[in-house]
Amino acid sequence: MKKQQIKPTRSKFNVLRQICNLIPQHTVSKIARSTGAADKSRAITPWSHVVSQAYAQLTHSISLNDVCDALQLHSGPLASIRGASAPSRNGFSNANRERPAAMAEELFWAVLAHLGEQSPGFVAGKHRGAAFRFRLPIHVVDTTVMELVANCMDWAKHRRRKAAAKTHMRLNLQSLLPNFVIVDTAGEHDNKRARELCAGVRSGEIVLFDKGYVDFGHLKDLAERGVFWVTRAKDNMAYELVQRMPQSKDPKILRDEVIMLSNPKKPAPEFMRRTVALVKIDGEEREMVFLTNNLQWSPRSVADLYRCRWQIEVFFKQIKQTLQLADFLGHNANAVRWQVWIALLVYVLLRYLSYVSKWAHSFTRLFTIVRAVLWSKIELWDLLGRYGTAGGSFRNLAQPEQAYFPGFL
């Protein structure tokens, strides 16, 4: 006898409306007035603009016509989402170009704060990975480069024949949610943004970053503020040995020593911990050199902390694999920023759905299920409850090698 499959509960609202309802009512209009966005591009309301951008992310729309035609064909269900209307191609393009992206940025932080108030555990996160024994907040700083079309985007010239934009981010390791984000062109070196990214880190907290963000003057400031940091040492760093630490019993720890920079005139921390360890990368052991201002941790803790930095690499690969950050709907800087900020907003909304529904499978599967039923009138929580408990227990973040997406390094 064929097993009868129980279908998800029907709902009065379509799935897209249920997702958009997570954005507090009137928040978009308030931010639009405060940022001056309400006075720009009157052909499309700020709310319709946000819904259209979110729809483009959820459906992987590759062009303005793709978004506008699809929304026009679903103008009835779209109108039920707080009166949103389908934009024209020119109206949508003009809104992306003229309406300040600061509106999307403020909306992202406002929604994240609102969801945190609704569910404090969502933003608090949990202790994960090799850093489980650290009870202090841990921040991971890194950047990702988004390739753009060079002959259309002169403002983003990166190299001779390339154009690109950069997203600098400080990610909370416990919640895997952004704490600070900068979207800018790729021409500026990473360490120029290090002070801005770490400005909100408090005394006693830990920040992890790659050697691209190493600025010894900034590292000194962090140490004086009581912030612990872990990074990698540059190959050409000139230093003097101050003290050799006791030999670790761990065979993977090759050297552990306290050093100071050779140039006393260069602003830098007075003493730094230099740890050399063997780290397994792609199945092979490689020698890596770590720096930290904490002289009390074991050398294994230093290496384990830096290993946690890989979580932000997985985060970047994941949003590029699922959300629409490959084909941009506009060629100017403002339109690119709009698309990046709305992509992050959609990511947070989906992560919140994952948290509330206790989703047990991958984020990619969550995205594909939501995309498949976007206009269906199905109870979203019931749908995720059925698919999220289909047997087994899976990580919300994919393994790095599984999250790899060709073209994004």
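Observations
- Where Ser93 falls short, out of the listed (1) farther than 17 Å from Asp69 by Cα; (2) assigned to a helix (DSSP H, G or I); (3) at pLDDT below 95; (4) in contact with a Leu (Cβ under 9 Å, 6 or more places away or on another chain): (1)
- Residue match in the stretch 208-216 (condition: crowded, with 16+ Cβ neighbours inside 10 Å, within 26 Å of the chain's Cα centre (by Cα) and part of a strand (DSSP E or B)): yes
- Tally of residues being in contact with a helix residue (DSSP H, G or I) (Cβ under 9 Å, 6 or more places away or on another chain), crowded, with 18+ Cβ neighbours inside 10 Å, modelled with pLDDT under 90 and farther than 16 Å from Arg307 by Cα across the stretch 129-163: 6
- On the stretch given as the stretch 256-275, residues that are among the basic types (Lys, Arg) and crowded, with 16+ Cβ neighbours inside 10 Å total 2.
- A count restricted to the stretch 298-316 and to residues that are open to solvent by 30 Å² or more (accessible area, probe 1.4 Å) and either farther than 25 Å from Arg225 by Cα or without any contact (Cβ under 8 Å) to a residue 12 or more places away in the chain (or both) stands at 3.
- Those residues of the stretch 63-90 which are part of a helix (DSSP H, G or I), free of Cβ contacts under 8 Å to residues at least 60 places away in the same chain and open to solvent by 30 Å² or more (accessible area, probe 1.4 Å), in sequence order: Asn65, Asp66, Asp69, Gln72, Leu73, Ser75, Gly76, Ala79, Arg89, Asn90
- So Gly226, is it open to solvent by 10 Å² or more (accessible area, probe 1.4 Å), part of a loop (DSSP other than H, G, I, E, B), on the phi < 0 side of the Ramachandran plot and free of Cβ contacts under 8 Å to residues at least 40 places away in the same chain: no
- From Lys265, Lys234, residue being assigned to a loop (DSSP other than H, G, I, E, B), among the basic types (Lys, Arg), at pLDDT below 90 and under 28 Å from Glu205 (Cβ atoms): Lys234
The values are calculated or read from the model by the stated rules, or taken from the named source; none is laboratory data. Just so we're clear, the structure is a prediction, and the values are computed from it rather than from any experiment. Methodologically, a virtual Cβ is constructed for each residue, glycine included, from the backbone with ideal geometry; neighbour enumeration extends over all protein chains shown. All accessible areas refer to the heavy atoms of the entire protein, side chains included, with ligands and DNA or RNA removed. Shrake-Rupley method; radii C 1.70, N 1.55, O 1.52, S 1.80 Å.
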